[in-house]
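The values are calculated or read from the model by the stated rules, or taken from the named source; none is laboratory data. Everything quoted here is computed from the prediction, not taken from an experiment. Here Cβ is always computed from backbone atoms with ideal geometry, including for glycine, and neighbour counts include all displayed protein chains. Just so you know, the surface numbers come from the protein's heavy atoms only, side chains and all, with ligands and any DNA or RNA stripped out. Shrake-Rupley method; radii C 1.70, N 1.55, O 1.52, S 1.80 Å.
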Amino acid sequence: MNAIDTARPVVHARIAPDGCLAEADARLQALNARAGGSIGAPLAVPALASLVRLAQRLRVLVARAVVAADGDTDLDMWVRAKPDPDGGVRLAISGWRPRGAWRGEADPHHRARDFMGTMGGSVWETDAALRLTYIAPELGAGVAMGRDALLGQPLTQLFKLGEDETGTVPMLSALAMRTRFDDQPAALRASGNRVQLSAAPLFDAGGGFAGLTGTAQIMELADDEAANASPQAFAARLNQALRAPLGRIIANADSINAQAEGPLRQDYVDYAADIAVAGRHLLGLVDELVDLHAIERPDFTVAVEPVDLADIARRAAGLLAVRAAAASVRIDRPAADDALDAAADFGRALQILVNLIGNAVRYSPPGGMVWIRAERDGDRAVVVVADQGKGIATADQQRIFEKFERVDPGEPGGSGLGLYIARRLARAMGGDITVDSAPGQGARFTLSLPAID
């Protein structure tokens, strides 16, 4: 019970309709017996029994992380509870990993704080050397090298620790005493967001220190701090509030729509598809709001470097290939050997072209074509995106570059921020976006940026 079972990574069991354990692999049988149960008797592990009842009530597969007590040890598990047609439930348990059980302090006030400290915040964990072993996605927002690159790095690469009112660092005192702490001030290095850290020590089977498991609670900014918050800090807060939960909603909706766990009623499947589409629309809006906040700051700048604009155009077209195929629209992209040197920010130029090409695909009729051409025009590097859509009237051609403006708000589409953001980004790089169109003749958007000889 002190290591993950590599010979049988998944433990199986079957629970009868009346909640009794009908059969189980030896490992779960032993755990159930230590909890006072047996084959033919009600499942005696409370955390598992609760999940079984939930799956029986909902009549759908339920999968989640579970912590089960086993004497002086807590067991981390990932449990899948799948209902049987007869009303029973089948369990599949993976990730069976022991950790030192939490031991409460004698003072009830401290126990209450300990319980409340588990109710919120973003989770992180370390090993005995305080190297990061887990980071919640929202804590990695804004990390240039990516969240996964922080794994194995010292805790201080993620958090900048601060002092409390007494001038001490609570984490250091708690580490010395191998006790819990709840009031460590810190800041996320990537965004500058202030957080408050809480953590409890982990112990191995021999009682030795094995690391920390904790949470980071993002603190509310004072009014003057909020006014001067960096775009990165705003993005990190927005990520925690919206992007991460929306991502989970979309992933679960896609799983239901794909019927990954077995057949479902068609109306449930269709409803899940609608949820996923709505979730992706909201995610796109979140991204646009983050960009809007950034580009409208007076100190907004874009770092430019030499790029191949033709290559960026090919990449943007590739990112939209699936969407175009679903709409029966073909994309004619620059030839593989075409090159167009320009001064730009690679990511921002890609963002602009994804927006322009995505709009062209959206407004093209089935069987239509989107043309992309990359060429030199004097001292400018130019990418032209042309479609066969219904076109844009002359009176609307400037309006579509304003915030929240769309030619026809009744048509399916974005929020009316995409072209506004794209033009602002292009101009921040010393370029511009223009449009040439007429009703019934499609639209031709041109991105121009400084060329490099």
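Annotations
- Top-ranked residue in the range 291-341 [being loosely packed, with under 13 Cβ neighbours inside 10 Å and over 27 Å from Gly416 (Cβ atoms); ranked as nearest to the chain's Cα centre (by Cα)]: Ala303
- Answer from Arg8, Arg59 - the residue that is modelled with pLDDT under 85, of a type outside the set (Gly, Ala, Ser) and in contact with a Pro (Cβ under 8 Å, 6 or more places away or on another chain): Arg59
- The range 138-178, residues that are under 28 Å from the mean Cα position of the chain (by Cα), at pLDDT 85 or above and part of a helix (DSSP H, G or I): Leu155, Thr156, Gln157
- In the range 54-78, the residues that are within 28 Å of the chain's Cα centre (by Cα), of a type in the set (Gly, Ala, Ser) and surrounded by 15 or more Cβ atoms within 10 Å (Cβ to Cβ): Ala55, Ala63, Ala68
- Pro170 vs. criteria over 15 Å from Ala136 (Cβ atoms) and without any contact (Cβ under 8 Å) to a residue 24 or more places away in the chain: yes
- Search result, residues across the range 200-226 that are modelled with pLDDT of 75 or more and closer than 15 Å to Gly162 by Cβ: Ala216, Gln217
- Residue count, the range 342-399 (criterion: aliphatic (A, V, I, L, M), part of a helix (DSSP H, G or I) and surrounded by 16 or more Cβ atoms within 10 Å (Cβ to Cβ)): 9
- For the range 191-218, filtering for residues that are open to solvent by 20 Å² or more (accessible area, probe 1.4 Å), within 20 Å of the chain's Cα centre (by Cα) and in contact (Cβ under 8 Å) with a residue 60 or more places away in the chain leaves 3.
- Whichever residue in the range 26-53 is in contact with a strand residue (DSSP E or B) (Cβ under 7 Å, 6 or more places away or on another chain) and open to solvent by 60 Å² or more (accessible area, probe 1.4 Å) and, among such residues, is nearest to Ala69 (Cα to Cα): Arg34
- Annotation: of all residues in the range 384-404 being over 18 Å from Ile357 (Cα atoms) and not basic (Lys, Arg), the one that is modelled with the lowest pLDDT is Phe404.
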